[in-house]
Every structure is written in C-alpha cells, then in structure tokens.
Amino acid sequence: MKKTLRFGTLESRIYMIFTLMIFATVFVMQLVSFRFTMNTVRNSTLDNNRILLEQLVKQIDSYIEGMEQISFAVQNDIQLIEYLQEGKNSLSNEHSLIQQRLGNYIQARNDISDIIIVGHNGAVISGDPETALNPWTTVSEKEWYKNALNAGGQTVVSSSYVQNIVAGRYSWVVSLSREIFSTDKYESLGVLLVDLKYNQIKDLCQSLVVGRKGYNFIIDSERNYIFHPSQQLIYSELRMEPIDSIYALLGDDAETFYHNEDRYFMIETSSLTGWHIISVTNDSDIVTDWQNVQVSYAFLGLVLFLVVGLATNRISTGITKPVRKLQEIMKSVDTGEFRLVGSIKATDEIRELAREYDIMVGHIRNLMEANVNEQELKRKSDLKALQAQINPHFLYNTLDSIIWMGEMGQNKEVVLMTSALSKLFRISISKGREFISISDEIAHVKSYLTIQEMRYKDKFEYSIKIDPDLYNCTTLKITLQPLVENAIYHGIKEVDHKGVILITGEEQDGNIKLEIIDNGKGMTDDEMDNLNRSLNTAVEDSGLSRYGMGVHNVHERIQLYFGKDYGLSYFHADGGGTRITVLIPSKAMEV
C-alpha cells in the first residue's frame, strides 16, 4: 500500500521548507565569493612575504660576507703571521701593534663584539687590551676552535651561544672562526675568532616582517636556533615551533608554505652559511581590513536571512515550538530533575520521540535510585571496615604493659588492664551492630581511658559527666574513643603539667551534644580553622595524619547516618587546650 503524506507529519513540513531552500543558494554564492577573495589576498600577501624573505637572506649573507672579509684580512696579516711564527711575548711592540689593529676593526664596526687570536704557541691577542681569558676555560675544547681546525682555513660560522671565554663578559654572539697558517701555508699557527653581536642579526630579522604578529627566526643545518624573538621560551621548551613540518618545505616537490593553526611558515636557505631562515605570517595580518570585509558579507547575509525568515517563520514555528519544549525538558537531565514530557501538541514523530524519552527517563530514575542505594550501602560498609580497625601500636603497647606488670608481680594491675582491654574489644565488636547505647559507648571509652591511665601513670586524669537520662539513647559505636585518643596523643602528651580530660553530655534543642575537653597543648587559630575545614573535605584530599583520619571517619559516619546538620566541631577550650563537640540527634535509630 502506497504511503501517503499527512500534513501533520514532520516529513510533509520538511518538503515545504525545502521549497524555500533556493534562497540559501545566494548565501552559498556569497560564501564562495568571500573564500575566493580571501584566498587571493592571502596568496598575494604570501608572495610578497616570500620576496621579503629572500631579501632578508641576501642581507644576512651580505653581513656575513663583510665579516668574512675582515677575518680574511686578519688571517693574511703578514705581521701577525710572523709574530705567531717567532713566538714573541705579549710585551713586544709587535703584540701592541697587532692588538691596536684588531681594536681598529672593532671600532670601525659596532656589530663586532671581539676579535681574538689564539696561537698554538699559547699566545692570545685580543682587540680589547683589557680582555682576560677565564682561567677555567679551555679554548681548545670549544666547538668554534675545533671546527676551525677541521675546515682547512675556511670560515666556520657557529650557531648563537653565550661566549664565556672572556672573564666578566657573557654575551650572546655568533662566531666566525678560521685557521691561521704560516706564509708557506704548511704550518698551522693558531685560530682567529670574530664574535659578532647577536643584536645585529636580531635587527636584521625584525626589520623585514609582515604585520604586527609576524616574525622571522633562523636555525642552522643541525636544527639549532640561531635567532628567535622568543629565544628564552624556546630554550626552556615553553614554546615550540613545528620544525619537522617546516623542513618538509625544503624538498623539490614541496609546498611553498606550511599552514599551522593561524600561522603560515616559509623557509629559505642561505647558500653561504647553510642557515635556514623561516618567515612566519599570522592570519590576522594577511587582511588588514578583515573586519570591514566581515561586516560587508554579514550585512548581505542578514538581508538574505530577513527575506527568507519572513517566508519560513510561519511554517517553522509549528515545528520548532514543540521541539524547543522537548529540548527544555531534556535539559532537566543535566540538573538531575529528569522531568517527564507527558502530553505534547506536536507532529507524530515528535510525540513518539517524547514518549520514548519518558520511557527512558523512567528507566534512568530506577537505575539511579538503585545505584544510590548500592553506593550508600558500599560507603557504609567501607566506613564500618575502617572504623573496626584497631590501632596496632595501641594494642602492642597495651600487651607489652600487661607482660611488664606480670613480670613485676603486679597481678592486680594485670587483671584490671586485661579486663579493660576485653571490654574494649567486646563493645567494639557489638555483635556487628552499628548503633549502641550511650551507656555502652561510655563503658567503651572508660575501658580505653583505664588502659591509657595505667600506661601513663600520673600523666593525666579523666572525668565523665554525662546526663544519666541520655544513657538509653543510641549513638554510633566508637564515636568518643578516637576523639579521646587525639586529646591524649596530640594534646596532653605534648605538655609538662598533669592533663585533665573531661567528657560531658546533655540534650540541647532536641539533639545530644557530647564534648571532650582537655587542657593539653591546644591549637592556633589557623590550625583550628584548617582542621574544621578538613572535616568536610574528601579524606584523600584532606592531608590528615592517621589520627586525623580517625576523627574524619567519625565525622563522616555521623553525617552519613544522620545528615549534614550533625558531626564534629573543634573549639578552643577555656584556659587552654581543645574542646571537641559531637552533635547527634536524640532519637538516633539504626536504619
């Protein structure tokens, strides 16, 4: 049976909208025209940039050639050669004349940092009479020195580096070095070093750039940076350039430029030095009136959308309104509300979609409820397991004390401590129950204090003043003992005077407030604030010690069973020490 199109279906409305899509053709034509214009402008700009890059290479080569002429003149200076051959000392007239001549070269060119001649006979001549070599520097181990000896008298151009052979002078330079021979060219006499100021190469690279964000940089054949405007960031690896992709431009059939994000890279190689000069152009600098172009095309597009919008508004409203309603309801998933769509006036397809969505939300609600229950049970199990752990050091020390008292014949004390330890374990187990009466909790902490009081003799005394009317109320087991343990180990144990621990309890505003007060070391305001803040932080992020984790466990267990309105709080005790408040509901029952 042939399927018919009904007006109420989404399919029929799509057919009607497609009849108006012809107007979008105008927009496509505008987009193509805009792209064509931008490509034309881009290619023209990059072609101009290629010309500037070639000029930069020529200028750098011309600069290096000028320096080579100077080095060649020094290398073939007859008086210098004779001086090195005869091995005259630094106090001779020839030494002064050669030094003066080198100084004239430096003064004639403000881009020369220094000219130094290192003879194999140990002679060192510099254009600066105040130059002194660093005593810890071995010139013969420098790369420029070894490369010059291997070049057979040809000029060797180094990468940029910090020159450190001159005492008190550590500047960025590019070095030209070449070997000096005797007049018969058979004997090597030394090496000539010409240090070029780094700023001159920097000025050349920054003089021929395109736009505000464009820049040039230079690398040698071994991919070492000669110059980069962000040299420090490059060396510290805080900034990287796509060197591998740039090198791919050197092939015979390679592209003329490499586009990476918003930058265009072009490369030229100096035939004189072998350096690779790379030009970088930013997208925003290619079309300077980019905003005007955008505004013009945006205005034309706006006119198009207004014309088409008037024609399609009435038709699209019937489709988009129920879709928007469905979309708003679906957003409730992000907030955890999981609202249902219910009845909706829309096309058949959208109503079917809404029905399937309601079914899916129902399943998700059931799964989330089951997952929450499962996670809560798992959390309670984890806390029970953590709470049930006994401090092994406390147990070892208690057993050691019992053994020691038995050996000393203190049978009465052995019986008392063993009985207290037995009660401590019996109440800790509590037949697997999580809730116990406050009277049992008092007995538990009394057993613990009895053991500690016997171990520490006259170090502290304790007093328990809890309203007897609260004895039959229930609380989580092992709530007070970790707090008393903290009071002993982190408060009373740190002071010289006799410690006092007071445990109180009363009903207040329908809740039970238990307090542990000690006269121990106490805490600073910052320590107190940090401790109170850490109680409501995930245990793995709280940075607490093992004892702190025990307190955190008590606080988290109370909030897990009774809610966020209950738990622990730390305060300064009157007269010094610490006061810990435990707040639980007066009618706590196990769930």
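Listed by first and then second residue, the pairs linking a residue in the range 176-203 that is on the phi < 0 side of the Ramachandran plot and outside any helix (DSSP H, G or I) to a residue that is basic (Lys, Arg) and crowded, with 22+ Cβ neighbours inside 10 Å, with Cβ atoms under 8 Å apart and 6 or more places separating them unless they lie on different chains, are Val191/Arg178; Leu192/Arg178.
Condition check: in the same structural domain as Asp111 (by TED's automatic domain parsing) and within 30 Å of His259 (Cβ to Cβ). Does Ile201 satisfy that?
So Ile201 passes the test.
Of the numbered criteria (1) of a type in the set (A, V, I, L, M, F, W, C); (2) part of a helix (DSSP H, G or I); (3) in contact with a Leu (Cβ under 8 Å, 6 or more places away or on another chain), the one Val210 fails is (2). Tally up the residues in the range 73-90 that are without any contact (Cβ under 8 Å) to a residue 60 or more places away in the chain, out of contact with any Asp or Glu (no Cβ under 9 Å at 6 or more places or on another chain) and part of a helix (DSSP H, G or I), please. Summing the residues that are without any contact (Cβ under 8 Å) to a residue 60 or more places away in the chain, out of contact with any Asp or Glu (no Cβ under 9 Å at 6 or more places or on another chain) and part of a helix (DSSP H, G or I) in the range 73-90 gives 1. Every condition in (1) within 53 Å of the chain's Cα centre (by Cα); (2) touching a residue at least 60 places away in the same chain (Cβ under 8 Å); (3) farther than 27 Å from Leu272 by Cα holds for Ile116 except the one numbered (3). Taken over the range 224-271, residues that are of a type outside the set (Ser, Thr, Tyr), part of a loop (DSSP other than H, G, I, E, B) and either modelled with pLDDT of 85 or more or buried (at least 17 other Cβ atoms within 10 Å of the Cβ) (or both) amount to 9.
Would you check which residues across the range 99-146 are in a helix (DSSP H, G or I), closer than 30 Å to Ser62 by Cβ and among the hydroxyl-bearing types (Ser, Thr, Tyr) and list them? Passing the criteria: Tyr105, Tyr145.
Yes or no: Glu130 charged (D, E, K, R) and touching a residue at least 40 places away in the same chain (Cβ under 8 Å)? So Glu130 does not fit the description; no.
Among the residues making up the range 451-466, those that are surrounded by fewer than 19 Cβ atoms within 10 Å (Cβ to Cβ) and at pLDDT 85 or above are Lys459, Glu461, Ser463, Ile464, Lys465.
The set of residues in the range 41-54 being at pLDDT below 80 and surrounded by fewer than 16 Cβ atoms within 10 Å (Cβ to Cβ) is empty. Filtered by the rule that a residue be surrounded by fewer than 16 Cβ atoms within 10 Å (Cβ to Cβ) and either part of a helix (DSSP H, G or I) or not assigned by TED's automatic domain parsing to the domain that holds Thr479 (or both), the range 431-442 gives Lys431, Gly432, Ser439.
The values are calculated or read from the model by the stated rules, or taken from the named source; none is laboratory data. None of these values were measured; they are calculated from a predicted model. Cβ coordinates were reconstructed from backbone atoms using ideal geometry, including for glycine residues, and neighbour counts include every protein chain displayed.
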